[in-house]
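Beneath this line is the structure, given in structure tokens, with notes to follow.
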Amino acid sequence: MNYRPQLLQSFAGYNLKLFTQDIFAGITVGVVALPLAMAFAIASGLKPEVGIYTAIIGGGLISLFGGSRVQIGGPAGAFIVIVYGIVAHYGITNLLIATFMSGILLFVMGFFRLGTLVRFIPIAVIVGFTNGIALLIALSQINNFLGLTIEKMPAQFFGMISAIFSALNTFNPITLSISIASLGLLIAWRCLHHHCGWFRHLPGPVLVMVSATWVVSFFNLSTETIGSRFGGIPPSLPQFSLIAMSWDSAQLMIAPAITLAILGAIESLLCARVADGLIHQRHDSNQELMGQGIANCVVPFFGGMPATGTIARTVTNVQSGGTTPVAGLIHALTLLLIILFAAPLAQNIPLGCLAAILIYVAWNMGEWRKLIYLKQFRLPYRITLLSVFILTVVVDLTIALEVGLLCALLTFVYRVSNLSRSEAVNLEEYPELKPLMGKIAAYRIYGALFFGAVKLIERLETQLPKNILILDLKNIIYIDTSGMDAILELYRQCQKAGVQFILCGLNHQPHDIAQRMGLFSLMPAEYFYPDLAQGIHFALSKTKAAL
């Protein structure tokens, strides 16, 4: 395995100009990451500093060991639903165990070069669970957006709905006003920031957070803040602590760890592909997974949450001039300096403002147009997307992913099996065979002969000719063990019926599997021919000799 982080490759041709660009980009991304990291942690049922610690340590390690030049790592919105569910059902200690185990899985995936397999997940599955997660994120923030008094927000969809409706009479008008104003400012800034001169470089979430905090502090408004709920953010470095891990806990966390690893791999590699399109360079998917794995193995020892590549911060990095992983390291350093010297300023950040930022992130995260124009797609695509979407929202992301992949697999098998076909050869093209009509039959097989298309061979067993059956596989691109087993069974049926079986046109892959499954040891060598014409010529001579 060639282990070479992108950071080492970026130093070739590195100069002061690129370093300056990386510094400014890293500072910009660090400022942008601050409100998002806190919001993601709070929405996940954790303290705000957990998100910041994850962005510092996890983001720094991903830039240090990852396979993308510009990807920025840290806590991501896609993890909110899963992390919240793990915390609610198993506790924070088990979350740390699941995060550590997911890191091991990610590193193993990268080490064994499985990064490219993520690309085989169908777009319908990705869109379905991305939209489902976005909806759950927005729904989980309704209580903070309205200022509702809910002691503990349930992790499940119906529980959330019930808790929100039960607490509607407790909404805080001041919190609601701050939330609406924050969301409105985010939308307005996105539409108008191009006309604001130099200020257009100011990130919307940072502008909203600073404005809302100033308003709450200046007018001493009665609304819940980071200080009132969490007691503020400690102005200190995260402390290293061993995880209380046991075999029983590890067994319990296997399924959540697999979910975190799969989602982290999908999220990070999709983000890396988006970054590739922006900088016109390719990332190393396997190296990226190993970098993600290292980050998620280390972060739990500092009380952090799962980390992965993040699209919003990565795009901000590229747009701000970031060119190498150095920008990601500067982003982590910027967050570290902020938490050391400006942590007390976070006391008055209103939770309604962070809820508005998360709802805004959730809206941009979802691909809602795919749902609006769903009727334009084929029925299997619609069924897969809607199944994953509904199961993600109502049941569980793991089940949704399993069902989505199963639907996609069945759809693929059905479509490929329909592309495979069998066609009888018109023997009238061979005048010398006219006296032998009914005694010789020849068929061409097209496509892939796999477990979903073996019916093509099985059908021939019911319509065997009297003397000779010729099978032309020249147009077969692939045969699996089920397909070759069907051919072997057809050969046995021909032997029982006293019919000679001739096989033509075995290409490289079919020839290889025929050899491995013992077809050549069962059939005489004289019954194999490179093309149909030679097979028919042999059949003619064989039949005349018999007559």
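The values are calculated or read from the model by the stated rules, or taken from the named source; none is laboratory data. Note that the structure is predicted; figures quoted are calculated from it, not measured. Note that each Cβ is placed from the backbone with ideal geometry, even for glycine, and that neighbours are counted across all protein chains shown. Note: areas computed on protein heavy atoms with side chains; ligands, DNA, RNA excluded. Shrake-Rupley method; radii C 1.70, N 1.55, O 1.52, S 1.80 Å.
Test Leu242 against the criterion of being in a loop (DSSP other than H, G, I, E, B), on the phi < 0 side of the Ramachandran plot and either in contact (Cβ under 8 Å) with a residue 12 or more places away in the chain or open to solvent by less than 40 Å² (accessible area, probe 1.4 Å) (or both), and give yes or no.
Yes.
Hey, can you tell me all the residues within the range 390-412 that are over 15 Å from the mean Cα position of the chain (by Cα) and of a type in the set (Val, Ile, Thr)?
Residues satisfying the conditions are Ile390, Val393, Val394, Val395, Thr411.
Restricted to the range 298-327, and to residues that are touching a strand residue (DSSP E or B) at 6+ places or on another chain (Cβ under 7 Å) and of a type in the set (Gly, Ala, Ser), which residue is farthest from Gln239 (Cα to Cα)?
Looking at the filtered set, the residue picked out is Gly309.
Consider the range 158-177. How many of its residues are assigned to a helix (DSSP H, G or I) and within 23 Å of Leu135 (Cβ to Cβ)?
12
How many of the residues in the range 1-18 are aliphatic (A, V, I, L, M) and open to solvent by 60 Å² or more (accessible area, probe 1.4 Å)?
So the count comes out to 4.
Being at pLDDT below 95 and outside any helix (DSSP H, G or I): is that true of Arg119 here?
When the stated conditions are applied, Arg119 does not pass them.
State whether one or more residues within the range 402-422 are closer than 30 Å to Ala33 by Cβ and open to solvent by less than 50 Å² (accessible area, probe 1.4 Å).
no
Here is a yes/no grid of residues against (1) out of contact with any Ser or Thr (no Cβ under 8 Å at 6 or more places or on another chain); (2) within 18 Å of Phe218 (Cα to Cα):
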position: Ala332; (1), (2): no, no
position: Ile338; (1), (2): yes, no
position: Gln347; (1), (2): no, yes
position: Gly352; (1), (2): no, yes
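Collect the residues in the range 137-155 that are surrounded by fewer than 18 Cβ atoms within 10 Å (Cβ to Cβ) and within 24 Å of Tyr90 (Cβ to Cβ), keeping them in residue-number order.
Correct list: Ile150, Glu151, Lys152, Pro154.
Condition check: closer than 22 Å to Pro75 by Cβ, of a type outside the set (Asp, Glu), buried (at least 20 other Cβ atoms within 10 Å of the Cβ) and modelled with pLDDT under 90. Does Leu289 satisfy that?
For Leu289, the condition - closer than 22 Å to Pro75 by Cβ, of a type outside the set (Asp, Glu), buried (at least 20 other Cβ atoms within 10 Å of the Cβ) and modelled with pLDDT under 90 - is not met.
In the range 461-476, is there at least one residue being open to solvent by 50 Å² or more (accessible area, probe 1.4 Å), over 25 Å from Leu419 (Cα atoms) and either touching a strand residue (DSSP E or B) at 6+ places or on another chain (Cβ under 6 Å) or of a type outside the set (Ser, Thr, Tyr) (or both)?
yes
State yes or no: is Ala272 in contact with an Asp or Glu (Cβ under 7 Å, 6 or more places away or on another chain), under 16 Å from Leu106 (Cα atoms) and either open to solvent by 20 Å² or more (accessible area, probe 1.4 Å) or among the aliphatic types (A, V, I, L, M) (or both)?
Judged against the criteria, Ala272 is a match.
Could you pull out the residue among Tyr446, Tyr430, Tyr478, Tyr527 that is over 30 Å from Thr411 (Cα atoms), of a type in the set (Phe, Trp, Tyr), out of contact with any Leu (no Cβ under 6 Å at 6 or more places or on another chain) and modelled with pLDDT of 85 or more?
Tyr527 is the lone residue from the list that is over 30 Å from Thr411 (Cα atoms), of a type in the set (Phe, Trp, Tyr), out of contact with any Leu (no Cβ under 6 Å at 6 or more places or on another chain) and modelled with pLDDT of 85 or more.
Counting only residues that are at pLDDT 90 or above, among the polar types (S, T, N, Q) and farther than 22 Å from Pro235 by Cβ, how many does the range 22-56 have?
1
On the given criteria, is Ile123 open to solvent by 40 Å² or more (accessible area, probe 1.4 Å), more than 19 Å from Ile42 (Cβ to Cβ) and out of contact with any Asp or Glu (no Cβ under 7 Å at 6 or more places or on another chain)?
Taking the combined requirement at face value, the residue satisfies it.
Those residues that are out of contact with any helix residue (DSSP H, G or I) (no Cβ under 7 Å at 6 or more places or on another chain), closer than 13 Å to Leu473 by Cα and of a type outside the set (S, T, N, Q), I need them from the range 506-547; list them, please.
Matches in the range 506-547: His508, Pro510, His511, Phe528, Pro530, Asp531, Leu532, Ala533, Gly535.
For the range 415-429, enumerate the residues that are part of a loop (DSSP other than H, G, I, E, B) and β-branched (Val, Ile, Thr).
If the condition is that a residue be part of a loop (DSSP other than H, G, I, E, B) and β-branched (Val, Ile, Thr), then Val425 is the only one that fits.
Is it true that some residue in the range 438-449 is open to solvent by 60 Å² or more (accessible area, probe 1.4 Å) and within 21 Å of Ser541 (Cβ to Cβ)?
yes
Any idea which of Thr323, Thr308, Thr316 is modelled with pLDDT of 90 or more, open to solvent by 10 Å² or more (accessible area, probe 1.4 Å) and of a type in the set (S, T, N, Q)?
Step by step, each of Thr323, Thr308, Thr316 is checked, and only Thr323 is modelled with pLDDT of 90 or more, open to solvent by 10 Å² or more (accessible area, probe 1.4 Å) and of a type in the set (S, T, N, Q).
Would you confirm whether any residue within the range 343-355 is under 27 Å from Ala244 (Cβ atoms) and either polar (S, T, N, Q) or under 22 Å from the mean Cα position of the chain (by Cα) (or both)?
no
Gln21 - would you say it is without any contact (Cβ under 8 Å) to a residue 12 or more places away in the chain and either within 23 Å of Thr259 (Cα to Cα) or surrounded by fewer than 23 Cβ atoms within 10 Å (Cβ to Cβ) (or both)?
So Gln21 fails the test.
So, in the range 74-118, exactly how many residues are over 27 Å from Met153 (Cβ atoms) and open to solvent by less than 50 Å² (accessible area, probe 1.4 Å)?
Residues that pass the stated criteria total 6.
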